[in-house]
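Inspection log for the structure reproduced underneath, given as structure tokens.
Derivation of every value follows stated rules applied to the coordinates shown; laboratory data play no part. Quick caveat: nothing in here was measured; it's all calculated off a predicted structure. With ideal geometry, Cβ positions are generated from the backbone for all residues, glycine too; neighbour counts draw on all protein chains shown.
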Amino acid sequence: MSQDSQNTESASPGVASIKPTFKPKRQPWLIPVFIIAPILCILISLTLGAFEISVPEVIEIVWCGITGQEFTSDNYKNPALAYSMVWTVRLPRVVVSCLVGAGLAIAGAVFQGVFRNPLASPYTLGVSNGAGFGAAIGIVLGLSTFLIQGSAILFGLITVVLTFVVASRSSKSSVTLVLAGMLISSLFASLVSLLKFVADPTEKLPQIVYWLMGSFSGVSFEKLLMILPLYLISLVVLIAFRWRLNVLSVGDTEARSFGIDVTRDRNIVIVSASVISAVCVSISGIIGWVGIVVPHLARMICGPDFRKLLPVSLSLGACYLCIIDDVCRALTTAEIPIGVVTGIIGVPLFLYFIYRKKVNW
Amino acid sequence: MKLAVDGVTFDYGTGQNILEGMSFTYESPDIMCLLGCNGVGKSTLLKCIMGELSPASGTITIDGKPTRQYSPRDMALKVAYIAQMHAPTFSYPVIDVVTMGRTSHIGYLSNPSDEDVQFAYDQLVYLGIERLAERPYTEISGGERQLVMIASALAQQPEAMLLDEPTAHLDFGNQFKFVQLVERLHAKGIGVLMTTHFPDHALLLDCETAILSKGGVVAQGPAHKVVTEEALGQIYGIPINIAPVGSRKVCVPGDLDDPLGRIEKFETGTTKRR
């Protein structure tokens, strides 16, 4: 306790003398840096590939597409090919990888915050295994890629509902919720194994395995549109709750004393974060590590305050996955599954940051 | 604010009642101490009042309205509750933690304004710990953390504070300073209802005191009447001596001549006197 607590007594109330004012430290560079970084990543990613297109041309093509003009250029024999290369092949993939990276990073930050646990991730409540099961069942039944994606979303959400139902039978603590998530998650993991076991080993099984490893190779704007409404709604809810997330992350008892309906608000943000994770997994397959590594990196940059942490995680997650996807498609012609690369790159990167600058809790 | 606890019984589902027929009343801005031995259910009682636990029977009302009918936000405007030990996970700067006390005063999805932050800072200034404003909450001492929680509670502008053994983790000097702080809060018009293991603190404040035992409240009244050698001896199960030192009264536990039972052992010859 402080020694000078008595000194301030006489000066505190009534006297209209010099009142000490608080000037918070700000990080004015945060906003411009974290807006520009993903834009740069997207532009550079659009130039990568066998068909060479330079950055100014990429900007021109994107601009033409937005304004509805026809793209003309002397550099190409066939400008229309360059145009469709950017708009139908590269842009959907780059945009989706950014959105998935941002979504998983934000969901991870939220889960770590509300569970006050550095190991929590977008998959803590079993969304990944649920969505994986949904996709696997779609593949086994021979559904179209759209329906496989729809089935993944559906089962991802069913997992969350099941987790809440199981947890609601017991106390209101967040530990119960994590435990319920683990149970439901293991159940679906077993069901996925069962499907793998019964799947046709020449055709269906590789497809399931490949889906579970995660990839952006088959994405299109149509697939993106399918997830966009749910994605945006959840994102808006999470960002709207940024201050309440701060209070929730301090502790249940404290949050309740500060006047927060802990159970209700926690459920709202957990459901939103789970929905975002489910739609991300449905389009990309299971991509680990982004949801754990990126929020930690973001916290190192801007601290635990969700008012800064959410935008920074969003931006960082988008850049991170966009770059990793570039590595996946540019490194070899065979195209390595992204879920594999995130781990191979994510773990050493994380270790480096732990050693360079302690991961603070 | 008028708090009435009437016949509250609570068990953790083990069939064994932690609280049994607990009844007392409290009115802010009074100071009130709850005394009782370990396991008598002091913390449980505060948790029941805050709605964190629901009593099996009995009623708890604030200003005549049952506490369970209060929304968390309305409750926060009546009482602030500070639990025994808070183990923080994230390294929020102290000023952010104190600003969280403003949550019940701002819109549901709004962020605190600059005025809210300044109000929070004023509370740190009031407690004389404004130098901690930018420090991470995880890296300050236990005593400082206690004061930061008090600052958050002040930022909340409640009518009363419920403190669960606020002096439990404080050093000897800080314990005393804390008692002085309680008096300052009272003078400011904020009530304090606290559980404590130090009858001395009740005597020092000479506040309303309730003595709790397994069967309910044994006695309630001003400390100088309620905190007696007999009453304390009964709840703690040891001899207690209350005697004046200067103009104050202090409690000394144990037999005055042979508190550790050495003389008797020496005389019977079973142990040598050390």
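For the segment B:80-86, counting C-beta atoms of other chains within 10 Å of every residue's C-beta and taking the mean gives 3. Cut-off 10 angstrom, C-alpha nodes, Gaussian network model of chain A. Which of A:Phe216, A:Phe164, A:Phe197 fluctuates the most? Judging by the Gaussian network model, the answer is A:Phe197.
Helix A:30-47 axis versus longest C-alpha principal axis of chain A: approximately 10°, rounded to the nearest ten.
Relative to the dominant Cα principal axis of chain B, helix B:114-126 is inclined by about 30°.
How large is the charge dipole for chain A, taken about the Cα centre, if only the Cβ atoms of Lys, Arg (+1) and Asp, Glu (-1) carry charge, to the nearest 20 debye?
Using Cβ point charges on Lys, Arg, Asp and Glu, chain A gives about 1060 debye.
Averaged over the residues of peptide A:19-26, the number of Cβ atoms from other protein chains lying within 10 Å of each residue's Cβ is 6. Comparing A:Trp63, A:Trp211, A:Trp243 in a Gaussian network model of chain A where C-alpha atoms under 10 Å apart are linked, the largest mean-square fluctuation is found at A:Trp63. Legend: distances between Cα atoms for A:Lys308/B:Lys47; B:Lys2/B:Lys47; A:Lys25/B:Lys188; B:Lys42/B:Lys225; pairs beyond 26 Å are A:Lys308/B:Lys47; A:Lys25/B:Lys188.
Can you tell me the FRET efficiency between A:Leu40 and A:Ile66 if r is taken as the Cβ-Cβ distance and R0 is 22 Å, rounded to the nearest 0.05? Once the sixth-power term is evaluated, E becomes 0.75. The value of relative contact order for the range A:109-213, using C-alpha pairs under 8 Å at least six residues apart, is 33 percent. Residues in the range A:186-229 near a label at A:Ile336, defined as backbone nitrogen under 20 Å from the 7 Å Cα→Cβ point? The answer is A:209-218. Does the range A:310-361 come out rounded, prolate or oblate, given a ≥ b ≥ c as the square roots of the eigenvalues of its C-alpha gyration tensor, rounded meaning a/c under 1.5 and, failing that, prolate meaning a/b above b/c? Oblate shape, in that a/c is at least 1.5 and b/c is the bigger or equal ratio. Tilt of helix A:221-240 relative to the longest C-alpha principal axis of chain A, in degrees (0 to 90, nearest 10)? Approximately 0 degrees, to the nearest 10.
When only C-alpha pairs under 8 Å and at least 6 residues apart count, what is the relative contact order of the range B:2-237, in percent?
28
Report note on the peptides B:44-56, A:31-43: ranked by the mean count of other C-beta atoms within 10 Å, highest first, their order is B:44-56, A:31-43. The relative contact order of chain A, computed from alpha carbon pairs under 8 Å that lie at least 6 residues apart in sequence, is 26 percent.
The HN-Hα couplings worked out from phi for the range B:241-257 by the Karplus form 6.51 cos²θ - 1.76 cosθ + 1.60 (θ = phi - 60°) are 10, 10, 9, x, 10, x, 9, 10, 10, 10, 9, 10, x, x, 4, 6, 8 Hz, whole numbers, x standing for Gly and Pro. In this rough spin-label picture, where each label sits 7 Å from Cα along the Cβ direction, the A:Leu119-B:Arg248 distance is 4.8 nm. Mean per-residue shielding of peptide B:123-130 is 5, counting Cβ atoms of other chains within 10 Å of each Cβ. Taken as Cα centroids, the range B:60-80 and the range B:189-247 sit 27 Å apart, rounded to the nearest whole angstrom. The GNM of chain B, with springs linking C-alpha atoms under 10 angstrom apart, assigns the highest mean-square fluctuation among B:Pro222, B:Pro93, B:Pro244 to B:Pro244.
Please work out the C-alpha center-to-center distance from the range A:40-115 to the range A:315-329 and express it in whole Å. Cα centroid of the range A:40-115 versus Cα centroid of the range A:315-329: 12 Å apart. Over all other residues within a Cβ to Cβ distance under 14 Å of B:Leu45, the charged ones net out to -3, with Lys and Arg as +1 and Asp and Glu as -1. Bridgeable aspartates and glutamates around A:Lys23 (alpha carbons under 16 Å apart, same-chain partners fewer than 8 residues away excluded): B:Asp96, B:Asp114, B:Glu115, B:Asp116, B:Asp122, B:Glu130, B:Glu134.
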